[in-house]
Amino acid sequence: MALTNAELRERIADHLRISAVDRALSAERAQKIDNAIEDCFATLREKKLLWWADNAIPQSCVNALKMYVAAHACASVGKAGQGYEGGEDFALKELSALKTTGTTETVRADYF
């Protein structure tokens, strides 16, 4: 099962405790999380840790992405200094471990 960016945004908002069943996510905070998702995905693409198509996030990667984006978005939504920043290292390790061996690059010598 794959998740969309919108579903990821909702999970990040729940993780940051800025939305709940009785408390909807404001449009301003939703936009800030969407911006963080876009920025984080660009960084992860550069690090070759994002290997899926847009809006097709593998279920196995959702928790790591939630932690990674929350670490980057927490300050902009008023949740800085509450421990969310520490999720980045866990997330990078988790995404590296989840990356299939077929897409994992090995060290290569560059002879010239």
statement: Burial-style ranking of 77-83, 2-8, average other-beta-carbon count within 10 Å with highest first, yields 2-8, 77-83
task: Would you mind checking which residues have amide H under 5 Å from LEU3's amide H? H placed 1.01 Å from N; only 5 or more apart, or other chain.
output: ILE57, GLN59
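Report the local net charge at CYS74: Lys and Arg +1, Asp and Glu -1, summed over other residues whose C-beta lies under 11 Å from its C-beta.
Surrounding charge for CYS74 is +1.
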query: Taking Cα pairs under 8 Å and at least six residues apart, what relative contact order does the chain come out at, in percent?
result: 30
field: When the convex hull of its Cα atoms is projected in every direction, mean area for the chain (nm²)
entry: 8.5
- request: May I ask you to order 45-55, 62-72 by the average number of other C-beta atoms within 10 Å around their residues, highest value first?
  value: 62-72, 45-55
statement: In nm², the average projected area of the convex hull spanned by the Cα atoms of the range 16-62 is 4.1
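Where a number appears in this text, it was derived from the coordinates with a stated rule and is not lab data. Predicted model only: the values in this text are computed from it and were never measured. Note that each Cβ is placed from the backbone with ideal geometry, even for glycine, and that neighbours are counted across all protein chains shown.
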